[in-house]
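Engineer: This is the structure I want to talk about, given as structure tokens.
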Amino acid sequence: MNQSISTTCCIVGGGPAGMMAGFLLARAGVDVVVLEKHGDFLRDFRGDTIHPSTLELLHELGLLDEFLKLPHQEAHALRGQVGRETVEIADFTHLPTQCRFIVFMPQWDFLDFIAKHAAALPRFTLRQRLEASGLIERDGRFVGVQAHGPEGAVEIHADLVIGADGRHSTIRRDAGLAVDELGAPMDVLWFRLPRRPDDPRDPLGIFRSGHILVLIDRGDSWQCGYVIPKGSIDRLRQAGVEAVRDAVARMAPIVADRTGDIRSWDDLKLLTVTVDRLRRWHRPGLLCIGDAAHAMSPIGGVGINLAIQDAVAAANILARPLRERRVTDDLLRRVQARREFPTRFTQRLQLTIQNRVISSVLEHGPGEDDAAPPLPLRLLTRYPVLRRIPARLLGLGVRPEHITAAA
């Protein structure tokens, strides 16, 4: 016999959007069950950036000081290297926030932190090793989730189901929600190389003819992203892992003597870049947020923070109605209306960078590496005040959310 659970809100997915939504709703007095198919949060090469907008939310929750005691790195600026010239792209030190920097921290540490504080709330339940397999529908409305785990099948009945299960969402697929594929000209190979104390600290993007490499300070290592043309992984595999080592050594001389740590393809993790967006984020009894509603490009590392902003907006709008058991389609529509413009704007900006900058770089074969940076980057170099614009877009986003009294 199937196990049956009843709650007010069932959230599918224990990532940043799901955990933050669950924490905020339980904090506001809503009975919440979060389903996470894994037994822990220990997955590598995920979004590991915590932007000032998220740090501001932690400040509003009274958790910032405790959070910053966790091991992390801070970036007060973002730099890029075009050919032989290094330019500063974003300066976060002028943001109107408590923290004027980006935090780099393994995502599992962030999720463990939120889970610990959520677990202290009487209305919050995290069910790990429980994977959603489908939705329960009755009279044209979704009323729960079917799931399975080590102990068998489980049915979770709820007034509202929130799909926060990522870009390959089971929930949005089962709900039949239409997805617009926006395209991406690239994929990314992620790997790590040793970092030395005298290495530079700020994140660095390196753009050279036919190649793009990103280096992110992770304390004792560099988290590296080698950008490759979409669909080129088979050709690269045929060339051998030595081709990756040689390209990295040419692009980043500071790590040239360490590329031997890329011993085989097992040391390289492929991120297949997808950019898409649901036309409609909701159906009766169901709402999708985060990557389940809109998969973002890795450009700027803003996906995790946009997902968290979705969670805050959903909690702000839905907490009181959920307590009163009166969630309507109009309220779900309000969540999408609140978050759709920031999503569209950010994706449009990412697509512009992908199509006009990244595609252009990747399409060029080997050539001179001493070409001048494009005009926008030259303007950022000449007029430092302009660096505040990308800093605000990356650090805060178009419509930063704040915790309201209802949530």
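Each value in this text was obtained by applying a stated rule to the coordinates, not by laboratory testing. Here the structure is a predicted model, which means the values were calculated and not measured. Cβ sites come from the backbone with ideal geometry, for glycine too, and all protein chains shown count toward neighbours.
Engineer: Go ahead and estimate [θ] at 222 nm for the chain from helices alone: -39,500 (n - 2.57) per DSSP H run with n ≥ 4, summed, over the residue count, rounded to 500.
Structural biologist: -9500 deg cm²/dmol
Engineer: Still on this structure, please answer the following. Taking the chain as a Gaussian network, where each spring joins two C-alpha atoms under 10 Å apart, which residue of MET19, MET296, MET186 fluctuates the most?
Structural biologist: Ranking MET19, MET296, MET186 by mean-square fluctuation puts MET186 first.
Engineer: Related question: Which whole-number percent gives the relative contact order of the range 58-148, counting Cα pairs below 8 Å spaced six or more residues apart?
Structural biologist: Here the relative contact order equals 17 percent.
Engineer: May I ask you to list the residues of the range 48-83 whose amide nitrogen lies under 15 Å from a point 7 Å from Cα along the Cα→beta-carbon direction of ARG196?
Structural biologist: Answer for this model: none.
Engineer: Going 7 Å from the Cα of LEU42 in the Cα-to-Cβ direction, what parts of the range 75-119 have a backbone nitrogen less than 16 Å from that spot?
Structural biologist: 106-113
Engineer: Which whole-number percentage describes the relative contact order of the chain, with Cα contacts under 8 Å and a sequence gap of 6 or more?
Structural biologist: Worked out over the chain, it gives 24 percent.
Engineer: Size of the dipole of the range 61-131 about the Cα centre, Lys and Arg at +1 and Asp and Glu at -1 on the beta carbon, nothing else charged, in debye to 20?
Structural biologist: Value, rounded to 20: 280 debye.
Engineer: Once you have the Cα-Cα distance between ASP139 and THR352, take 0.36 nm times their residue separation minus that, and quote the gain in nm to one decimal.
Structural biologist: The ASP139-THR352 span can extend by a further 72.4 nm.
Engineer: Evaluate E = 1/(1 + (r/R0)^6) for ARG344 and GLN98, where r is the Cβ-Cβ distance and R0 equals 35 Å; express this FRET efficiency to the nearest 0.05.
Structural biologist: Using R0 = 35 Å, I get an efficiency of 0.80.
Engineer: Compute the length gained on full extension between TYR383 and ASP266: take 0.36 nm times their separation in residues and subtract their Cα-Cα distance, giving the result in nm to one decimal.
Structural biologist: 37.7 nm
Engineer: For the range 82-187, what size does the Cα cloud have along each of its three principal axes, sorted from largest down, in whole Å?
Structural biologist: Ordered largest first, the range 82-187 gives principal extents of 60, 40, 29 Å.
Engineer: Given labels modelled 7 Å from the Cα in the Cβ direction, how far is it in nm from GLU155 to SER232?
Structural biologist: Rounded to a tenth, the inter-label distance reads 5.2 nm.
Engineer: Moving to a separate point now. Less than 14 Å from a label point 7 Å out along the Cα-to-Cβ axis of VAL361: which backbone N atoms in the range 197-217 qualify, by residue?
Structural biologist: Residues passing the 14 Å test: 203-216.
Engineer: Which Cα, out of GLY80, LEU64, HIS38, lies furthest along the positive dipole direction of the range 8-84 (beta carbon charges, K/R +1, D/E -1)?
Structural biologist: GLY80
Engineer: Right, another one. Which listed residue (VAL335, THR170, ALA307) has the Cα farthest towards the positive end of the charge dipole for the chain, taking +1 on Lys and Arg C-beta and -1 on Asp and Glu C-beta about the Cα centre?
Structural biologist: VAL335
Engineer: Defining a contact as two alpha carbons under 8 Å apart and six or more residues distant in sequence, what relative contact order in percent does the range 275-407 show?
Structural biologist: 30
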